[in-house]
Amino acid sequence: MIALLAGAAYGFEHSSLAEQLSDDHRLIGQLDQDYGCYVDVAVDGVPFRMLVDTGSDDLAFNRSHLKKLGLNTKRLVYTESIGTSNGVVRSAPIVVHELRIGGFVLHDVQALVDYAGMDEPLLGMSVIKYMRLEIGRDGCELRW
């Protein structure tokens, strides 16, 4: 089991604090055949299924994900080089105004758009660090 704890001692890097909007402080995810944990989230009100990726530092999208959000990909500036398991990729910084994971909400979250892009958006450590992640044979769960 992997456990990551979130707490006030770490502080928030976002312009506003996370809000807990429900009495239920957990979200059950689904494991794929390789034990990848997937959770359903809302990004600026648009539903996404995201891979919980402890190997990624960032909340990350590809250009087609941005089209789903209604954002103009032609205005992106790919100023960052990010080392991934598939090599170095060019990325453009963006800000997600609201990231909703069950009843847990973050505002003004820094994210990246990879030029080549991966198939699914990634929920990286910049978000996971505020939660506790448990992965076992039977499933995965985020708690806050």
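Among the numbered conditions (1) at pLDDT below 95; (2) touching a helix residue (DSSP H, G or I) at 6+ places or on another chain (Cβ under 8 Å), the only one that LEU59 does not meet is (1).
For segment 52-74, a residue qualifies if it is closer than 28 Å to GLU134 by Cβ and of a type in the set (A, V, I, L, M, F, W, C), and the qualifying residues are VAL52, LEU59, ALA60, PHE61.
Return yes or no: is MET131 surrounded by 15 or more Cβ atoms within 10 Å (Cβ to Cβ), at pLDDT below 95 and not basic (Lys, Arg)? Before the answer, list the steps.
Numbers: surrounded by 15 or more Cβ atoms within 10 Å (Cβ to Cβ): yes; at pLDDT below 95: no; not basic (Lys, Arg): yes.
No: the conditions fail for MET131.
If GLY87 satisfies every condition in (1) of a type outside the set (Lys, Arg); (2) touching a residue at least 12 places away in the same chain (Cβ under 8 Å); (3) at positive phi but one, which is the exception? Among (1) of a type outside the set (Lys, Arg); (2) touching a residue at least 12 places away in the same chain (Cβ under 8 Å); (3) at positive phi, GLY87 violates only (2).
I want to confirm something. Restricting to segment 78-103 and keeping residues that are of a type in the set (A, V, I, L, M, F, W, C) and modelled with pLDDT under 95, which single residue is surrounded by the most Cβ atoms within 10 Å (Cβ to Cβ)?
Let us first name the residues in segment 78-103 that are of a type in the set (A, V, I, L, M, F, W, C), namely 82, 88-89, 92, 94-96, 99, 101.
In the following step, the residues that additionally are modelled with pLDDT under 95 were identified as 82, 88-89.
On the way: ILE82: 16, VAL88: 9, VAL89: 19.
Checked segment 78-103; the qualifying residue surrounded by the most Cβ atoms within 10 Å (Cβ to Cβ) is VAL89.
Residues in segment 40-72 that are in a strand (DSSP E or B), of a type outside the set (Val, Ile, Thr), under 12 Å from the mean Cα position of the chain (by Cα) and surrounded by 14 or more Cβ atoms within 10 Å (Cβ to Cβ): ASP40, ALA42, PHE48, MET50, LEU51, LEU59, ALA60, PHE61.
The values are calculated or read from the model by the stated rules, or taken from the named source; none is laboratory data. Since the model is a prediction, treat every value here as computed from it, not as a measurement. All Cβ positions, glycine included, derive from the backbone under ideal geometry; neighbour counts span all protein chains shown.
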